[in-house]
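Everything below concerns the one structure shown next.
Nothing in this text is a laboratory measurement; each read-out follows from the coordinates by a stated rule. None of the values given here were measured: they were computed from a predicted structure. Quick reminder, even Gly has a Cβ in these numbers, built from the backbone with ideal geometry, and neighbours come from all protein chains shown.
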Amino acid sequence: MNIKKFAKQATVLTFTTALLAGGATQAFAKETNQKPYKETYGISHITRHDMLQIPEQQKNEKYQVPEFDSSTIKNISSAKGLDVWDSWPLQNADGTVANYHGYHIVFALAGDPKNADDTSIYMFYQKVGETSIDSWKNAGRVFKDSDKFDANDSILKDQ
């Protein structure tokens, strides 16, 4: 018998045995009583079943958007000259609004209402405990407009 052929067959047999034996021990491992896939970590999860309930729930007043008087809606004075939409707060890992050194931070897409190509992420902040609409301050754009042209960004270059 050729030694190379024998070595090849022995390698294949050893590898196959290792896979089968290794997999078999995992297949017969003792099952635990813990079910981590049911852990909620204190946040809500929307399941496929929940999604299928949405059309029927729309008939219930509890799930309808409340009516409001649009004339009472005020703009943030620090965002004059901007259209602001799609805002989201800085959050803790558990989903609650973060208190960052005594401030609430909100990021929002905003831009010049006369220029559809002017869209940037802006940062707004408010001292914790203040509730006035005028207490929100505009920290400005998060990124410089020229950042999109910088191919050698020190943070993103290795991404």
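Quick rundown of the values:
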item: Per-residue Cβ neighbour rank within 10 angstrom, fewest leading, LYS8, LYS62; result: LYS62, LYS8
item: Peptides ranked, highest mean first, by Cβ atoms within 10 Å: ranges 104-111, 75-82; result: 104-111, 75-82
item: Listed residue pairs exceeding 25 Å between alpha carbons, taken from LYS62/LYS137; LYS74/LYS127; LYS80/LYS127; result: LYS62/LYS137
item: Ascending count of other beta-carbon atoms within 10 Å, so fewest first, for VAL142, VAL65; result: VAL65, VAL142
item: Sorted by Cβ density within 10 Å, fewest first, the residues TRP85, TRP136; result: TRP85, TRP136
item: Karplus-derived 3J(HN,Hα), 6.51/-1.76/1.60, for each residue of the range 110-118, Hz, glycine and proline x; result: 8, x, 5, x, 8, 10, 5, 7, 8
item: Cβ-defined net charge surrounding SER44, 12 Å radius [Lys, Arg +1; Asp, Glu -1]; result: -2
item: Candidate aspartates and glutamates - alpha carbon under 15 Å from LYS148, same-chain residues fewer than 8 apart omitted; result: ASP117, ASP118
item: Three principal axis lengths of the range 75-142 [C-alpha, angstrom, descending]; result: 36, 25, 15
